[in-house]
Structures are given as structure tokens and as C-alpha cells.
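See below for the structure under consideration.
The values are calculated or read from the model by the stated rules, or taken from the named source; none is laboratory data. Remember, predicted model here, so these are calculated numbers, not experimental data. Cβ: placed from backbone, ideal geometry, glycine included. Neighbour counts: every protein chain shown. What goes into the accessible areas is simple: the full protein's heavy atoms, side chains included, and nothing from ligands, DNA or RNA. Shrake-Rupley method; radii C 1.70, N 1.55, O 1.52, S 1.80 Å.
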Amino acid sequence: MKNFFILLLAISCVVVLYWGNSHWKERTVLSTDATTQETEKTAEPVEEAEETDKRIDIEEFQKISVNWPAEAKRRFEQTLLEGIPYKILLAGSTALGSSDDGWASSAKKKLEETFGEGSIEVDIQVFDGTSMEFSDQDKVSEMIAAEADLIVLEPFTLQDNSFVRIEDSHAHITNWISAVKEKNPDTVFILQPPNPIYDANYYLVQIEELEKFAETNDIPYLNHWSAWPSTDSEEIMPYLNEENEAPSEKGHELWSKYVTDYFISK
């Protein structure tokens, strides 16, 4: 009888130990699964945060946008809060360069890198012709279709040389701005001249009148000519192509730097 109770006690111990071990393993597995799930849940917001961090914040934008027109600043901050991209259009003549090596392409890349994916979009529109031809071909409709918040316009002043009177060039600019604002009232315009050329004559008068036109009509004027060598100095020639009518690679680099320094003040 004594041996029977000892055997029964031994069996009971084995059962208790087996049950306890099984229970411990089960709880360990459940605990591990819960921890894994919690880790996965926690990881998701981190990925979202990394995605969000690609967009510039308002505080950083205010630091680097000191040159921006006030209306453009307000609209950019609004698009940040709304989570939509701010649209910039660089429009003008073939002096903007090709899609690969022009100053406009270089500036586009720098702006989108600085302000972050999703916070800004930069488009480029190039037209090879005079301001009159631009109007006659209704190219302003493409400018309207871009729905840009900000348009940096180089208004074909060099192409107009000897073909379009100064007052007519300015009338075309006025009509384009009116047409865009009729569809997109909040669009902000910035005017800029084409590239300088060596030994310019009447072209200098055109540029002076363009700046006066911008000032008279309260349009911001991006005077990148201040960064170029003088038009009456041979020092400017390396910045121009062989025909003395468009920027060389060096000229595109200079122009791009001026534009990006305007939009990204550091």
C-alpha cells in the first residue's frame, strides 16, 4: 500500500510538471507573438513619419523664402497645410535650355530636392518664337493649363529684337497675365529678362524698358543680369554660345545658380 501511494505521488508530480511546462511554453509563444505584432504595429507610423519628413516644414520654409513675393509665401504655406504640391512654372524662350542641360532643368532639380517630394512641382515650358507668335498661336492656353501657383516668365525679349515693338511686347505680357489670372486668380508672376549678349545695342533698351514695365505694374523682377559680366566686356563671351545669342554651359550654370539662390536663401 505504501508503495502504491509513492507510485501515485510520482505519477502526480510528472503530470503536474508536464502541465506546467506545457502551459509555460504556450504563454511564451503567445507573448512572443504579441510582442511581434506590437513591434509591427509600431513600425508602421515610423515609415509614415519617414515619408512625411520628405516635405519641408513651415519653419524651414520661412527661413529660406525671404526673397519670395508675399502672396507666393502665403500660398505655399497653405499648400503645405493642405498636403498638396505647390506648382511653379518656368516659362520662356529656348534660352531656358534643353530638358537635359538647361538652367531651367537644373533649377527644377534643385528646387524639388530642397523643398521635398510632394511639397513642390516644377514644370518647364519652352517656346521658340517672338511674343507676337506666342500670342497668335494661343500658347498662353498651355500656361493656363499648367495651373501654376507661381510663373517665372522670360517674355521672349531677345526674340522680339527687330521684330516686335517694345510697347507691343509689353501689351502681350499684360494680355497673358490677364488670361492666366482670369482662370487662376491667385497665380503670382515673376518676370525675368533673357540672357545678356556681348556688344548689345538696342537690346539694352529693351531690357531697361522691361524692368521699368515690371516696376510700373508691380510685378517682381528677377534681375539675373547682375550676376553676369558686363555686356561690353569680352569676359562675358565664355558664358555665351558661339553665335552670341544663348547661354553656354557656363552661362546656364550661372543663371541656374541665380534663380535657385533667389528661391532658396541660405
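For the reader, a short list of remarks on this structure follows.
- Whether the range 92-234 is rounded, prolate or oblate, judged on the alpha carbon gyration tensor where a/c under 1.5 counts as rounded: oblate
- Pairwise label distance in nanometres, Asp123 with Glu235, each label 7 Å out on the Cα-Cβ vector: 4.0
- Whole-percent carbon and sulfur share, accessible surface of the range 179-233, 1.4 Å: 44
- Here the Karplus curve 6.51 cos²θ - 1.76 cosθ + 1.60, taken at θ = phi - 60°, turns the phi angles of the range 199-212 into couplings of 6, 6, 10, 4, 4, 4, 5, 4, 5, 4, 5, 5, 5, 5 Hz, with x standing for Gly and Pro.
- Estimated FRET transfer efficiency (Asn244, Ser141; beta-carbon r; R0 35 Å; 0.05): 0.60
- Phe163/Lys54 FRET efficiency (R0 41 Å; Cβ-Cβ; nearest 0.05): 0.35
- Surface composition of the range 82-158: carbon plus sulfur atoms contribute 43% of the solvent-accessible area (1.4 Å probe, protein chains only, all chains present).
- Accessible area of the range 177-240 divided out per residue, in Å², using a probe of 1.4 angstrom: 51
- Alpha carbon convex hull of the range 150-253, projected area averaged over orientations, nm²: 6.9
- Cut-off 20 Å, label 7 Å out along Cα→Cβ of Ala227, residues of the range 183-211 by amide N: 189-198, 207-208, 211
- The GluC sites (Glu not before Pro) found in the range 116-186 that occupy coil by DSSP, while having at most 16 further C-beta atoms within 10 Å, are Glu117, Glu147.
- HN-Hα J in Hz across the range 118-133 - Karplus 6.51, -1.76, 1.60, θ = phi - 60°, x for Gly and Pro: x, 9, 8, 10, 10, 10, 10, 10, 10, 10, 9, x, 8, 5, 5, 5
- Stretching Leu204 away from Lys73 to a fully extended chain increases their span by 44.0 nm, per 0.36 nm per residue minus the current alpha-carbon distance.
- For the range 68-157, the convex hull spanned by the alpha carbon atoms encloses 99 Å³ per residue.
- Contour minus Cα-Cα distance for Ser178 and Gln62 (0.36 nm per residue): 38.8 nm
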